[in-house]
1. Show the residues, 5+ positions off or on another chain, whose built amide H is closer than 5 Å to the amide H of A:Tyr219.
2. Set the Förster radius R0 to 25 Å, insert the Cβ-Cβ distance between B:Val73 and A:Thr129 as r into 1/(1 + (r/R0)^6), and round the FRET efficiency to 0.05.
3. Which is farthest toward the positive dipole end of segment A:130-220 among A:His177, A:Ala218, A:Trp164, measuring Cα position about the Cα centre, with Cβ charges +1 (Lys, Arg) and -1 (Asp, Glu)?
4. Out of the DSSP beta bridges found with both residues in segment A:76-220, what percent are antiparallel (nearest 5)?
5. Would you please state which residues of segment B:95-116 a label at B:Glu149 would reach in this model, taking the label point 7 Å out along Cα→Cβ and a backbone N cut-off of under 20 Å?
6. Could you rank A:Leu57, B:Leu151 by how accessible they are, 1.4 Å probe, largest area first?
7. Please compare each pair in B:Lys152/B:Lys225; A:Lys195/B:Lys152; A:Lys195/B:Lys225 to a cut-off of 24 Å on the Cα-Cα distance and tell me which ones are over it.
8. Enumerate the amide H contacts of B:Ser158 below 5 Å, restricted to partners 5 or more residues apart or on another chain; note that Pro and chain-start residues carry no placed amide H.
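The values are calculated or read from the model by the stated rules, or taken from the named source; none is laboratory data. In this text, all values refer to a predicted model and were calculated from it rather than measured experimentally. Reconstructed Cβ throughout: ideal geometry from the backbone, glycine too, with neighbour counts over all protein chains shown. For the accessible areas, the whole protein counts, side chains as well, though only heavy atoms, and no ligand, DNA or RNA atoms are used. Shrake-Rupley method; radii C 1.70, N 1.55, O 1.52, S 1.80 Å.
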Amino acid sequence: MRRRVVQLAMPLVAVAAFFAADRALAWNQLFPPGSDPNAAIPCTTFCVEWPKTSSNLSINVDVYLSSLLGQQEVDLRTDVRNTFPQWNGVAARNPHLQETTSTDNEEVWVTTDTFAYNVYAGTSHTFWTSNPDKIKAAQVFFNTGIVWNRAYDFHCQASGGPCWADARKVAMHEFGHVEALGHVPRDAAYNAVMKQGALTYHWPRGDDHNGIIAIYGAYP
Amino acid sequence: MSRARQLAGTAVFVVAVLVLIFAVVLTRADASRQGGGVASGGSQVEKSSDPSPMAPEIAPTEGSPAEVPLDPVAPPEVPPGPCQRHIMTLEFADTTVEQDMEAASSVVIGSIEAIGAAQWNAAGGRAPTSRGEIAPTRVMRLVKISVEETLKGSASESIVGYVPGGQIGCHEFHLTGFPLGLRGGERFVMFMSNSAPRTGLAGVAEVWQMWPVDGDTVTTRDGKKPLSEILQANTDSLAPS
């Protein structure tokens, strides 16, 4: 009888283990240098992150918002500012985002630029090659060619014309990159704003929180 | 006697004019044989009012794209401070190959023939002064492309395009989808536009998307696809809706 129970339980244990393993990979840290930074792959060999203070606590990261962000269909500065409490609210020692109006000491510069029609935005990280796994600064560029909205409208014209995108989701996603999160695959097993493309939510989800905590350590 | 001298002088003048005209015609014919510039969707890249001091402008109608110097005339200014690596991740919309074809002014399958040294893609070819602009999108390399097949537009056999990213001094600039280590002979499906670089350099096409081709397989943003699928998409995008 006991053997029969064990036989029945084994497949269930295997299935549970499979899903547990999947959950462990439900976030990705930014990328091994030299690989395609856009790939949704786990970072296992060389992962990058912001430094912490000498007391192993969060550093403050000053974010400068260009006035160009206010010249789109929606004022993108609002969407960027709304990302700060979300990422700062993760219970971890991740960098604390705060706005600055000075360009003398900013770590993150946010502005607009012109990209190909099918690019929403881009985030660039800067590293000193002498300290290659620590992020020194970042820039976020929103594509001026996108029709920005706050209605979860993600579509592109069939004629190769402009594309529409929700500014709230794209801003939250880009600041996930700023924090050092990478992309995750776009399937239902992942509960993350770090999926690319259309989503019907625009705030960090469970897998994003888990990723930040795993990278920087839990706090308090 | 003076009459004969006058006639001889006139004859020499006429011959000289004819030789000059002949030389001009020969030069133009030669330029025409080498190709009339980057043909992208039937339109030419216009000259900018802000010519770059880093690389001379060459109007597409006055010479072959092969004559566009791939390297900057002067070495680009290296940013001060320690060596840095800049890596940019892009967010892409969900588009089809047909939409990408529609958006491009020309699409070719071609191989890299030669690659120029990286230079600033900024006004006047100068290094950006603002830290916020020192990014992979502000660096470019000119590449000479040997066109194997034109899927859209009317590109000549050899064209010059510019791709983002590269290395300036000890500073690396890497952008999603544009390999830092481009090598001669590598094949790509290249989507191009007529947009001139910020330097104002004319006669070069913007390569805004490049998918590696290995044999009959293309690596797109959505993974590997048979080349025939791309060719079919081209047919579909040209079909009347």
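1. Sorted by chain and number, the residues that satisfy this are A:Ala92, A:Arg93.
2. About 0.35, to the nearest 0.05.
3. Most positive-ward Cα: A:Trp164.
4. The antiparallel fraction comes to roughly 50 percent.
5. Residues B:96-113 fall inside that zone.
6. A:Leu57, B:Leu151
7. Violating the 24 Å Cα-Cα cut-off are A:Lys195/B:Lys152.
8. Under 5 Å from the amide H of B:Ser158: B:Val147.
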